[in-house]
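Worksheet: the structure to be examined is printed underneath.
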Amino acid sequence: MGLPVQRAQVENLYVDAMLLADEAHAAFAAQRDLGRTAGDSLRQIGLACESLKTTTRLMHIIAWLLHRRAMIAGDPGADPDDSAARIGEPVAADWTICDRLDGSL
């Protein structure tokens with residue numbers, strides 16, 4: 001794969017990940033608001049935890065993409081063996097919370 005193609009893929013994925021992070025935050029916030037009006041504080045806490053896990057994971061991905069961008073640009077501080085080059089294992093979702101999300105957002 002040529003460098004211009006790789007650069008374009010990283011840029012496109014970065015933009016998509018940023019949009020996805022915004023959408024995820026908005027979706028969880030809307031669900032927390034619905035829980036607040038229903039008076040379901042336990043559900044609000046669960047949604048806040050899932051929101052944090054989701055947005056944190058997306059931020060890890062965004063940081064990885066930024067590191068790839070720096071590597072492609074030839075930044076001497078961006079090494080393939082840096083900790084930023086490793087995303088790590090995700091934290092499992094609580095599907096009892098996530099299955100109840102409204103998919104209409």
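ALA92 - would you say it is in contact (Cβ under 8 Å) with a residue 60 or more places away in the chain and more than 27 Å from VAL5 (Cβ to Cβ)?
no
Kindly establish whether LEU58 is touching an Asp or Glu at 6+ places or on another chain (Cβ under 9 Å), surrounded by 13 or more Cβ atoms within 10 Å (Cβ to Cβ) and within 20 Å of VAL10 (Cα to Cα).
No; evaluated as a whole, the condition is false for this residue.
This table checks each residue for (1) under 25 Å from ASP79 (Cα atoms); (2) in a helix (DSSP H, G or I); (3) modelled with pLDDT under 80.
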| position | (1), (2), (3) |
| --- | --- |
| ALA30 | no, yes, no |
| GLY35 | no, yes, yes |
| LEU42 | no, yes, no |
| THR56 | yes, yes, no |
| MET59 | yes, yes, no |
| ALA63 | yes, yes, no |
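Quick check on this structure: which one of ALA78, ALA48, ALA73 is modelled with pLDDT of 85 or more, more than 21 Å from ALA21 (Cα to Cα) and open to solvent by less than 60 Å² (accessible area, probe 1.4 Å)?
Checking each option against the conditions leaves just ALA78.
Go through (1) touching a residue at least 12 places away in the same chain (Cβ under 8 Å); (2) acidic (Asp, Glu); (3) open to solvent by less than 60 Å² (accessible area, probe 1.4 Å) for GLU23 and report which single condition fails.
(3)
Filter segment 81-105 down to the residues that are under 24 Å from LEU47 (Cβ atoms) and open to solvent by 70 Å² or more (accessible area, probe 1.4 Å) and list them by number.
Once the filter is applied, which keeps residues that are under 24 Å from LEU47 (Cβ atoms) and open to solvent by 70 Å² or more (accessible area, probe 1.4 Å), segment 81-105 yields GLU89, PRO90, VAL91, ALA92, TRP95, THR96, ASP99, ARG100, ASP102, GLY103, SER104, LEU105.
Which members of segment 69-88 meet the condition of being part of a helix (DSSP H, G or I) and in contact with a helix residue (DSSP H, G or I) (Cβ under 7 Å, 6 or more places away or on another chain)?
ARG69, ILE72, ALA84, ALA85
The values are calculated or read from the model by the stated rules, or taken from the named source; none is laboratory data. No experiment lies behind these values; they were computed from the predicted model shown. Cβ sites come from the backbone with ideal geometry, for glycine too, and all protein chains shown count toward neighbours. Areas reflect the complete protein model, heavy atoms only, side chains present, ligands, DNA and RNA absent. Shrake-Rupley method; radii C 1.70, N 1.55, O 1.52, S 1.80 Å.
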